[in-house]
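The values are calculated or read from the model by the stated rules, or taken from the named source; none is laboratory data. Keep in mind that this is a model prediction, so the values were computed, not measured. No Cβ is skipped: glycine too gets one built from the backbone with ideal geometry, and neighbour counts run over all protein chains shown.
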(Lines give C-alpha, C1' and ligand atoms only; values in the text may rest on other atoms or scores of the structure.)
Protein backbone atom coordinates (compact mmCIF):
# COMPACT_ATOMS: atom_id res chain seq x y z
CA UNK A 1 0.00 0.00 0.00
CA UNK A 2 2.85 2.36 0.73
CA UNK A 3 4.23 1.82 -2.78
CA UNK A 4 0.93 2.78 -4.33
CA UNK A 5 0.55 5.82 -2.10
CA UNK A 6 3.93 7.14 -3.19
CA UNK A 7 2.72 7.33 -6.78
CA UNK A 8 0.90 10.57 -6.02
CA UNK A 9 3.35 13.33 -5.22
CA UNK A 10 2.27 16.41 -3.32
CA UNK A 11 2.61 18.48 -6.47
CA UNK A 12 0.32 16.11 -8.36
CA UNK A 13 -2.25 16.24 -5.56
CA UNK A 14 -2.15 20.04 -5.85
CA UNK A 15 -2.69 19.75 -9.60
CA UNK A 16 -5.61 17.35 -9.09
CA UNK A 17 -7.03 19.88 -6.63
CA UNK A 18 -6.70 22.61 -9.26
CA UNK A 19 -8.49 20.38 -11.76
CA UNK A 20 -11.27 19.82 -9.23
CA UNK A 21 -11.53 23.57 -8.79
CA UNK A 22 -12.18 24.27 -12.48
CA UNK A 23 -15.90 23.57 -12.22
CA UNK A 24 -16.58 25.71 -9.12
CA UNK A 25 -14.17 28.42 -10.26
CA UNK A 26 -15.78 28.70 -13.70
CA UNK A 27 -19.10 29.36 -11.95
CA UNK A 28 -17.90 31.65 -9.19
CA UNK A 29 -15.66 33.86 -11.31
CA UNK A 30 -18.79 35.06 -13.14
CA UNK A 31 -20.83 35.79 -10.00
CA UNK A 32 -19.99 39.52 -9.75
CA UNK A 33 -20.98 39.91 -13.41
CA UNK A 34 -24.50 38.45 -13.08
CA UNK A 35 -26.13 41.87 -12.55
CA UNK A 36 -24.10 43.21 -15.50
CA UNK A 37 -25.16 40.30 -17.73
CA UNK A 38 -28.75 40.99 -16.73
CA UNK A 39 -28.49 44.60 -17.91
CA UNK A 40 -26.28 43.88 -20.94
CA UNK A 41 -28.70 41.42 -22.49
CA UNK A 42 -31.77 43.17 -20.99
CA UNK A 43 -33.14 40.02 -19.38
CA UNK A 44 -34.77 39.22 -16.05
CA UNK A 45 -32.89 38.04 -12.97
CA UNK A 46 -34.29 34.54 -13.47
CA UNK A 47 -32.93 34.34 -17.04
CA UNK A 48 -29.52 35.73 -16.08
CA UNK A 49 -29.41 33.18 -13.26
CA UNK A 50 -29.61 30.40 -15.85
CA UNK A 51 -25.96 31.06 -16.70
CA UNK A 52 -25.24 29.75 -13.19
CA UNK A 53 -27.97 27.19 -12.48
CA UNK A 54 -27.77 25.43 -15.85
CA UNK A 55 -23.99 25.26 -15.56
CA UNK A 56 -24.55 23.46 -12.25
CA UNK A 57 -26.90 21.07 -14.04
CA UNK A 58 -24.18 20.51 -16.66
CA UNK A 59 -21.73 19.65 -13.90
CA UNK A 60 -24.30 17.25 -12.47
CA UNK A 61 -24.69 15.48 -15.82
CA UNK A 62 -20.93 15.50 -16.32
CA UNK A 63 -20.26 13.84 -12.98
CA UNK A 64 -22.84 11.20 -13.82
CA UNK A 65 -21.10 10.49 -17.13
CA UNK A 66 -17.39 10.65 -16.33
CA UNK A 67 -17.43 8.22 -13.40
CA UNK A 68 -18.66 5.10 -15.25
CA UNK A 69 -16.59 5.96 -18.33
CA UNK A 70 -13.46 6.23 -16.21
CA UNK A 71 -14.22 2.88 -14.56
CA UNK A 72 -14.13 1.34 -18.05
CA UNK A 73 -11.58 3.36 -20.04
CA UNK A 74 -9.32 4.67 -17.29
CA UNK A 75 -8.99 7.90 -15.33
CA UNK A 76 -6.32 9.56 -17.48
CA UNK A 77 -7.96 9.61 -20.96
CA UNK A 78 -11.36 10.67 -19.60
CA UNK A 79 -9.76 13.44 -17.55
CA UNK A 80 -7.99 14.85 -20.61
CA UNK A 81 -11.11 14.64 -22.80
CA UNK A 82 -13.13 16.56 -20.20
CA UNK A 83 -10.53 19.33 -20.09
CA UNK A 84 -10.67 19.70 -23.88
CA UNK A 85 -14.47 20.08 -23.72
CA UNK A 86 -14.05 22.74 -21.02
CA UNK A 87 -11.60 24.70 -23.21
CA UNK A 88 -13.99 24.62 -26.18
CA UNK A 89 -16.86 25.86 -24.02
CA UNK A 90 -14.77 28.71 -22.61
CA UNK A 91 -13.91 29.97 -26.11
CA UNK A 92 -17.56 29.91 -27.17
CA UNK A 93 -18.52 31.79 -23.99
CA UNK A 94 -16.18 34.60 -24.94
CA UNK A 95 -17.71 35.01 -28.39
CA UNK A 96 -21.37 34.62 -27.32
CA UNK A 97 -23.40 37.66 -28.41
CA UNK A 98 -26.82 36.59 -27.14
CA UNK A 99 -27.98 35.32 -23.77
CA UNK A 100 -29.05 32.03 -25.38
CA UNK A 101 -25.59 31.41 -26.80
CA UNK A 102 -23.97 32.37 -23.51
CA UNK A 103 -26.15 29.95 -21.56
CA UNK A 104 -25.43 27.15 -24.04
CA UNK A 105 -21.67 27.82 -24.02
CA UNK A 106 -21.63 27.93 -20.23
CA UNK A 107 -23.34 24.54 -20.25
CA UNK A 108 -20.58 23.07 -22.43
CA UNK A 109 -17.85 24.75 -20.36
CA UNK A 110 -19.25 23.41 -17.10
CA UNK A 111 -19.86 19.91 -18.50
CA UNK A 112 -16.18 19.66 -19.37
CA UNK A 113 -14.96 21.19 -16.14
CA UNK A 114 -16.95 18.61 -14.14
CA UNK A 115 -14.39 15.94 -14.96
CA UNK A 116 -12.02 17.08 -12.22
CA UNK A 117 -14.64 16.94 -9.50
CA UNK A 118 -15.25 13.26 -10.15
CA UNK A 119 -11.92 11.85 -11.20
CA UNK A 120 -9.67 13.57 -8.68
CA UNK A 121 -11.55 11.80 -5.88
CA UNK A 122 -11.61 8.52 -7.78
CA UNK A 123 -7.84 8.73 -8.45
CA UNK A 124 -7.20 9.33 -4.75
CA UNK A 125 -9.38 6.33 -3.84
CA UNK A 126 -7.52 4.20 -6.41
CA UNK A 127 -4.18 4.94 -4.78
CA UNK A 128 -4.97 5.21 -1.06
CA UNK A 129 -6.78 2.94 1.35
CA UNK A 130 -10.20 3.64 2.80
CA UNK A 131 -9.04 5.44 5.96
CA UNK A 132 -6.24 7.39 4.29
CA UNK A 133 -8.52 8.46 1.42
CA UNK A 134 -10.66 10.65 3.69
CA UNK A 135 -7.60 12.58 4.90
CA UNK A 136 -6.14 12.92 1.41
CA UNK A 137 -9.49 14.11 0.01
CA UNK A 138 -9.63 16.67 2.82
CA UNK A 139 -6.16 17.86 1.79
CA UNK A 140 -7.22 17.92 -1.85
CA UNK A 141 -10.38 19.90 -1.09
CA UNK A 142 -8.49 22.33 1.14
CA UNK A 143 -6.08 23.12 -1.70
CA UNK A 144 -8.91 23.08 -4.24
CA UNK A 145 -10.86 25.78 -2.44
CA UNK A 146 -8.17 28.44 -2.94
CA UNK A 147 -9.03 29.07 -6.59
CA UNK A 148 -12.80 29.43 -6.07
CA UNK A 149 -12.00 31.60 -3.03
CA UNK A 150 -10.30 34.25 -5.12
CA UNK A 151 -12.44 33.74 -8.24
CA UNK A 152 -15.20 36.29 -7.44
CA UNK A 153 -12.65 38.95 -6.52
CA UNK A 154 -10.63 38.14 -9.64
CA UNK A 155 -13.80 38.16 -11.72
CA UNK A 156 -14.77 41.55 -10.34
CA UNK A 157 -11.37 43.03 -11.17
CA UNK A 158 -11.30 41.52 -14.66
CA UNK A 159 -14.83 42.78 -15.27
CA UNK A 160 -13.91 46.29 -14.15
CA UNK A 161 -10.73 46.44 -16.26
CA UNK A 162 -11.44 44.38 -19.38
CA UNK A 163 -15.18 43.66 -19.44
CA UNK A 164 -17.09 40.68 -18.11
CA UNK A 165 -16.19 38.53 -21.16
CA UNK A 166 -12.54 38.49 -20.07
CA UNK A 167 -13.29 35.96 -17.31
CA UNK A 168 -13.71 33.25 -19.94
CA UNK A 169 -10.27 33.88 -21.42
CA UNK A 170 -8.79 33.62 -17.91
CA UNK A 171 -10.50 30.27 -17.35
CA UNK A 172 -9.43 28.98 -20.79
CA UNK A 173 -5.79 29.84 -20.12
CA UNK A 174 -5.87 28.21 -16.69
CA UNK A 175 -7.56 25.09 -18.08
CA UNK A 176 -5.00 24.83 -20.89
CA UNK A 177 -2.13 25.02 -18.39
CA UNK A 178 -3.65 22.21 -16.31
CA UNK A 179 -4.17 20.15 -19.46
CA UNK A 180 -0.50 20.43 -20.42
CA UNK A 181 0.70 19.46 -16.96
CA UNK A 182 -1.61 16.44 -16.71
CA UNK A 183 -0.60 15.20 -20.16
CA UNK A 184 2.94 14.99 -18.82
CA UNK A 185 2.43 14.05 -15.16
CA UNK A 186 -0.83 12.16 -14.66
CA UNK A 187 -0.43 8.35 -14.42
CA UNK A 188 -3.20 5.84 -14.96
CA UNK A 189 -4.39 4.68 -11.52
CA UNK A 190 -7.22 2.31 -12.47
CA UNK A 191 -5.98 -1.24 -11.87
CA UNK A 192 -9.03 -3.30 -12.82
CA UNK A 193 -11.39 -1.87 -15.48
CA UNK A 194 -15.10 -2.49 -14.93
CA UNK A 195 -17.01 -3.61 -18.04
CA UNK A 196 -19.23 -0.87 -19.45
CA UNK A 197 -22.13 -2.28 -21.43
CA UNK A 198 -24.12 0.85 -22.13
CA UNK A 199 -26.68 3.01 -20.35
CA UNK A 200 -28.56 0.02 -18.96
CA UNK A 201 -25.43 -1.28 -17.26
CA UNK A 202 -24.63 2.18 -15.90
CA UNK A 203 -28.13 2.53 -14.46
CA UNK A 204 -27.81 -0.93 -12.97
CA UNK A 205 -24.63 0.13 -11.19
CA UNK A 206 -26.37 3.22 -9.83
CA UNK A 207 -29.28 1.08 -8.64
CA UNK A 208 -26.80 -1.17 -6.83
CA UNK A 209 -25.30 1.86 -5.10
CA UNK A 210 -28.69 3.17 -4.04
CA UNK A 211 -29.59 -0.18 -2.50
CA UNK A 212 -27.03 0.62 0.16
CA UNK A 213 -28.74 2.77 2.78
CA UNK A 214 -25.35 3.87 4.05
CA UNK A 215 -24.27 5.07 0.59
CA UNK A 216 -27.56 6.91 0.13
CA UNK A 217 -27.23 8.57 3.52
CA UNK A 218 -23.70 9.78 2.84
CA UNK A 219 -24.50 10.85 -0.73
CA UNK A 220 -27.55 12.90 0.25
CA UNK A 221 -25.60 14.39 3.14
CA UNK A 222 -23.03 15.61 0.59
CA UNK A 223 -25.82 16.91 -1.64
CA UNK A 224 -27.56 19.01 0.99
CA UNK A 225 -24.28 20.36 2.34
CA UNK A 226 -23.53 21.59 -1.19
CA UNK A 227 -26.98 23.19 -1.45
CA UNK A 228 -26.07 25.40 1.52
CA UNK A 229 -23.00 26.73 -0.26
CA UNK A 230 -24.36 27.09 -3.79
CA UNK A 231 -27.65 28.66 -2.77
CA UNK A 232 -25.70 31.29 -0.87
CA UNK A 233 -23.29 32.15 -3.68
CA UNK A 234 -26.23 32.29 -6.10
CA UNK A 235 -28.16 34.87 -4.10
CA UNK A 236 -25.41 36.82 -2.32
CA UNK A 237 -24.38 39.06 -5.27
CA UNK A 238 -27.97 40.27 -5.76
CA UNK A 239 -28.43 40.71 -2.00
CA UNK A 240 -25.25 42.79 -1.79
CA UNK A 241 -26.54 45.15 -4.49
CA UNK A 242 -30.30 45.37 -3.97
CA UNK A 243 -30.61 44.71 -0.22
CA UNK A 244 -27.33 45.87 1.33
CA UNK A 245 -26.68 48.58 -1.31
CA UNK A 246 -23.05 47.61 -1.91
CA UNK A 247 -21.14 47.58 -5.26
CA UNK A 248 -20.58 44.26 -7.12
CA UNK A 249 -16.81 44.34 -6.61
CA UNK A 250 -17.25 44.47 -2.81
CA UNK A 251 -18.98 41.09 -2.88
CA UNK A 252 -15.78 39.38 -4.02
CA UNK A 253 -13.86 40.53 -0.96
CA UNK A 254 -16.55 39.60 1.56
CA UNK A 255 -16.90 36.28 -0.23
CA UNK A 256 -13.33 35.34 0.72
CA UNK A 257 -14.64 34.67 4.24
CA UNK A 258 -16.75 31.79 2.92
CA UNK A 259 -14.05 29.59 1.35
CA UNK A 260 -11.70 30.51 4.20
CA UNK A 261 -14.23 28.98 6.57
CA UNK A 262 -14.51 25.96 4.31
CA UNK A 263 -10.73 25.62 4.07
CA UNK A 264 -10.40 25.78 7.85
CA UNK A 265 -12.99 23.04 8.17
CA UNK A 266 -11.01 20.93 5.68
CA UNK A 267 -7.89 21.45 7.78
CA UNK A 268 -9.74 20.28 10.89
CA UNK A 269 -11.03 17.24 8.99
CA UNK A 270 -7.52 16.37 7.84
CA UNK A 271 -5.85 17.02 11.22
CA UNK A 272 -8.40 15.26 13.41
CA UNK A 273 -9.21 12.49 10.95
CA UNK A 274 -6.71 10.29 12.81
CA UNK A 275 -8.39 11.01 16.14
CA UNK A 276 -12.09 10.68 15.32
CA UNK A 277 -13.71 8.23 12.93
CA UNK A 278 -15.46 9.40 9.77
CA UNK A 279 -19.00 9.25 11.17
CA UNK A 280 -18.03 11.29 14.23
CA UNK A 281 -16.46 13.98 12.04
CA UNK A 282 -19.55 14.15 9.81
CA UNK A 283 -21.81 14.51 12.84
CA UNK A 284 -19.71 17.34 14.32
CA UNK A 285 -19.51 19.20 11.03
CA UNK A 286 -23.22 18.89 10.20
CA UNK A 287 -24.20 20.15 13.65
CA UNK A 288 -21.93 23.20 13.30
CA UNK A 289 -23.49 23.85 9.88
CA UNK A 290 -26.99 24.01 11.34
CA UNK A 291 -25.80 26.27 14.16
CA UNK A 292 -24.14 28.75 11.80
CA UNK A 293 -27.30 29.29 9.74
CA UNK A 294 -29.37 29.66 12.90
CA UNK A 295 -26.96 32.35 14.07
CA UNK A 296 -27.29 34.19 10.75
CA UNK A 297 -31.08 34.22 11.06
CA UNK A 298 -30.92 35.45 14.67
CA UNK A 299 -28.60 38.34 13.72
CA UNK A 300 -30.94 39.40 10.93
CA UNK A 301 -33.95 39.29 13.26
CA UNK A 302 -32.05 41.46 15.74
CA UNK A 303 -31.58 44.11 13.06
CA UNK A 304 -27.96 43.54 12.06
CA UNK A 305 -28.25 44.07 8.30
CA UNK A 306 -24.58 44.62 7.48
CA UNK A 307 -22.59 42.32 5.16
CA UNK A 308 -20.43 41.12 8.06
CA UNK A 309 -23.51 39.97 10.01
CA UNK A 310 -24.45 37.81 7.05
CA UNK A 311 -21.07 36.53 5.84
CA UNK A 312 -19.53 35.77 9.26
CA UNK A 313 -22.18 33.28 10.51
CA UNK A 314 -22.46 31.74 7.05
CA UNK A 315 -18.69 31.24 7.09
CA UNK A 316 -19.15 29.41 10.42
CA UNK A 317 -21.74 27.15 8.79
CA UNK A 318 -19.40 26.57 5.87
CA UNK A 319 -16.63 25.74 8.36
CA UNK A 320 -18.85 22.88 9.53
CA UNK A 321 -19.52 21.93 5.91
CA UNK A 322 -15.75 21.80 5.36
CA UNK A 323 -15.54 19.12 8.04
CA UNK A 324 -18.54 17.20 6.76
CA UNK A 325 -18.00 17.21 3.02
CA UNK A 326 -14.66 15.36 2.55
CA UNK A 327 -15.59 12.76 5.15
CA UNK A 328 -19.04 12.14 3.67
CA UNK A 329 -17.58 11.97 0.15
CA UNK A 330 -14.94 9.47 1.22
CA UNK A 331 -17.50 7.43 3.18
CA UNK A 332 -19.82 7.23 0.16
CA UNK A 333 -17.01 6.06 -2.14
CA UNK A 334 -15.67 3.61 0.46
CA UNK A 335 -18.97 1.69 0.45
CA UNK A 336 -18.12 0.32 -3.03
CA UNK A 337 -14.35 0.54 -3.72
CA UNK A 338 -14.66 -1.43 -6.96
CA UNK A 339 -17.09 1.18 -8.32
CA UNK A 340 -15.19 4.19 -7.02
CA UNK A 341 -15.67 6.13 -10.27
CA UNK A 342 -19.40 5.42 -10.45
CA UNK A 343 -19.89 6.13 -6.74
CA UNK A 344 -17.99 9.41 -7.03
CA UNK A 345 -19.92 10.30 -10.19
CA UNK A 346 -23.32 9.56 -8.70
CA UNK A 347 -22.47 11.48 -5.54
CA UNK A 348 -21.30 14.41 -7.65
CA UNK A 349 -24.47 14.28 -9.76
CA UNK A 350 -26.73 14.45 -6.72
CA UNK A 351 -24.54 17.19 -5.26
CA UNK A 352 -24.78 19.44 -8.31
CA UNK A 353 -28.35 18.51 -9.31
CA UNK A 354 -29.77 19.63 -5.98
CA UNK A 355 -27.48 22.67 -6.02
CA UNK A 356 -28.74 23.66 -9.49
CA UNK A 357 -32.34 23.49 -8.30
CA UNK A 358 -31.45 25.56 -5.24
CA UNK A 359 -29.56 28.15 -7.30
CA UNK A 360 -32.55 28.76 -9.56
CA UNK A 361 -34.98 28.61 -6.64
CA UNK A 362 -33.30 31.45 -4.74
CA UNK A 363 -33.88 33.75 -7.73
CA UNK A 364 -37.55 32.79 -7.80
CA UNK A 365 -38.25 33.10 -4.06
CA UNK A 366 -36.20 36.28 -3.57
CA UNK A 367 -38.46 38.94 -2.02
CA UNK A 368 -36.05 41.77 -1.35
CA UNK A 369 -34.82 40.34 1.98
CA UNK A 370 -32.32 37.70 3.08
CA UNK A 371 -34.90 35.49 4.82
CA UNK A 372 -35.94 33.20 1.91
CA UNK A 373 -32.27 32.42 1.28
CA UNK A 374 -31.47 31.74 4.93
CA UNK A 375 -34.54 29.54 5.41
CA UNK A 376 -33.58 27.51 2.34
CA UNK A 377 -30.05 27.13 3.70
CA UNK A 378 -31.37 26.10 7.12
CA UNK A 379 -33.62 23.47 5.55
CA UNK A 380 -30.70 22.06 3.57
CA UNK A 381 -28.46 22.01 6.66
CA UNK A 382 -31.05 20.08 8.66
CA UNK A 383 -31.62 17.64 5.79
CA UNK A 384 -27.88 16.96 5.52
CA UNK A 385 -27.79 15.99 9.19
CA UNK A 386 -30.97 13.92 8.96
CA UNK A 387 -29.75 12.07 5.83
CA UNK A 388 -26.51 11.17 7.55
CA UNK A 389 -28.26 10.01 10.72
CA UNK A 390 -30.64 7.77 8.77
CA UNK A 391 -27.74 6.29 6.81
CA UNK A 392 -25.76 5.55 9.97
CA UNK A 393 -28.80 3.92 11.60
CA UNK A 394 -29.32 1.66 8.59
CA UNK A 395 -25.59 0.94 8.44
CA UNK A 396 -25.44 -0.16 12.04
Set 192, 188: member being modelled with pLDDT of 80 or more and part of a loop (DSSP other than H, G, I, E, B): 188
Candidates 64, 54, filtered to the one that is surrounded by fewer than 24 Cβ atoms within 10 Å (Cβ to Cβ), under 23 Å from residue 242 (Cβ atoms) and under 20 Å from the mean Cα position of the chain (by Cα): 54
Selection count where residues are without any contact (Cβ under 8 Å) to a residue 60 or more places away in the chain and either surrounded by 20 or more Cβ atoms within 10 Å (Cβ to Cβ) or assigned to a helix (DSSP H, G or I) (or both), scope the stretch 237-264: 4
Sole exception among (1) in contact with a helix residue (DSSP H, G or I) (Cβ under 8 Å, 6 or more places away or on another chain); (2) without any contact (Cβ under 8 Å) to a residue 40 or more places away in the chain; (3) surrounded by fewer than 24 Cβ atoms within 10 Å (Cβ to Cβ) for residue 89, by number: (3)
Residue list for the stretch 206-227, restricted to those being assigned to a helix (DSSP H, G or I), farther than 15 Å from residue 348 by Cα and touching a residue at least 12 places away in the same chain (Cβ under 8 Å): 208, 213, 214
Residue match in the stretch 17-29 (condition: surrounded by 24 or more Cβ atoms within 10 Å (Cβ to Cβ), in contact with a helix residue (DSSP H, G or I) (Cβ under 6 Å, 6 or more places away or on another chain), touching a residue at least 60 places away in the same chain (Cβ under 8 Å) and not in a helix (DSSP H, G or I)): yes
Evaluation of residue 137 against (1) modelled with pLDDT of 90 or more; (2) crowded, with 24+ Cβ neighbours inside 10 Å (one fails), failing number: (1)
Conditions (1) modelled with pLDDT under 85; (2) surrounded by fewer than 17 Cβ atoms within 10 Å (Cβ to Cβ): number failed by residue 344: (2)
Qualifying position, being under 25 Å from residue 242 (Cβ atoms), buried (at least 24 other Cβ atoms within 10 Å of the Cβ), in contact with a helix residue (DSSP H, G or I) (Cβ under 7 Å, 6 or more places away or on another chain) and at pLDDT 90 or above, among 312, 286, 317: 317
Odd one out for residue 222, checked against (1) farther than 21 Å from residue 147 by Cβ; (2) touching a helix residue (DSSP H, G or I) at 6+ places or on another chain (Cβ under 8 Å): (1)
Failed criterion for residue 369 (all others in (1) surrounded by fewer than 19 Cβ atoms within 10 Å (Cβ to Cβ); (2) assigned to a helix (DSSP H, G or I) hold): (2)
Selected residue [surrounded by 24 or more Cβ atoms within 10 Å (Cβ to Cβ), in contact with a helix residue (DSSP H, G or I) (Cβ under 8 Å, 6 or more places away or on another chain), closer than 26 Å to residue 189 by Cα and modelled with pLDDT of 90 or more] from 296, 328, 380: 328
